[in-house]
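Inspection log for the structure reproduced underneath, given as structure tokens.
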Amino acid sequence: MKLGRLNHIGVATPSIADSIVFYRDVMGATTIHEPFALPEQGVKVCFVDTPGADGALTGTQIELVEPLPGNTSIAGFLEKNPAGGQHHMCYEVPDIHAAKAAFEAMGKRVLGEPRIGAHGTPIFFLHPKDMGGVLTEIMETPKGDH
Ligand code: CO
């Protein structure tokens, strides 16, 4: 396993619209991307940039996640955390299949097969009980990004 950049922190929210106001007005975010639906994953997402150290928009993002009707996992999280909250962390790796094999060799439970995530590159999730209590998303670094 080769750890790469912390790509984003997933934050579940009952309302992306309300969260956008929070990140803009309270946190001072200046680059908030257009929300979009990922119907096959039952969610609507919205990325908020946190600027890189040089002021460039190369930093880690916040991924706001709102359940679509029929979603069970995020909806269940919001039942326990009605105001929303930190949901998962996503790390980049150079090779998604190598990472999956490495985690499985260490006995970590991979939740489903790699699939195309919100950034258009393959992702998978790891069971939080195998990951120190953190629902962990592994994402292949977009080609040409670095
Ligand atoms: Co994510």
Could you list all residues from segment 75-125 that are within 16 Å of the ligand (Cβ to nearest atom), farther than 19 Å from Val65 by Cα and of a type in the set (Gly, Ala, Ser)? Ala99, Gly112
In segment 55-69, is there at least one residue being under 14 Å from the mean Cα position of the chain (by Cα), closer than 16 Å to Ile123 by Cβ, of a type in the set (A, V, I, L, M, F, W, C) and crowded, with 17+ Cβ neighbours inside 10 Å? yes
Sort out which residues of segment 94-111 are surrounded by 13 or more Cβ atoms within 10 Å (Cβ to Cβ) and assigned to a loop (DSSP other than H, G, I, E, B), and write them in order of number. Asp95, Lys108, Arg109
Return the only residue of Glu79, Glu40, Glu34 being among the charged types (D, E, K, R), more than 17 Å from Leu6 (Cα to Cα) and either in contact with a Phe, Trp or Tyr (Cβ under 6 Å, 6 or more places away or on another chain) or in a loop (DSSP other than H, G, I, E, B) (or both). Glu34
Thr72: away from the ligand (no atom under 15 Å from the Cβ) and either free of Cβ contacts under 8 Å to residues at least 40 places away in the same chain or within 30 Å of Met106 (Cα to Cα) (or both), yes or no? yes
Determine which single condition Asp130 fails, assuming it passes every other condition in (1) in contact with a strand residue (DSSP E or B) (Cβ under 9 Å, 6 or more places away or on another chain); (2) among the acidic types (Asp, Glu); (3) at pLDDT below 95. (3)
Number of the exception - Lys129 against (1) within 16 Å of the chain's Cα centre (by Cα); (2) assigned to a helix (DSSP H, G or I); (3) surrounded by fewer than 16 Cβ atoms within 10 Å (Cβ to Cβ): (1)
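The values are calculated or read from the model by the stated rules, or taken from the named source; none is laboratory data. This structure is a prediction, so every number in the text was calculated from the model and none was measured. Ideal geometry is used to build each Cβ from the backbone, glycine not excepted, and the neighbour counts take in all protein chains shown.
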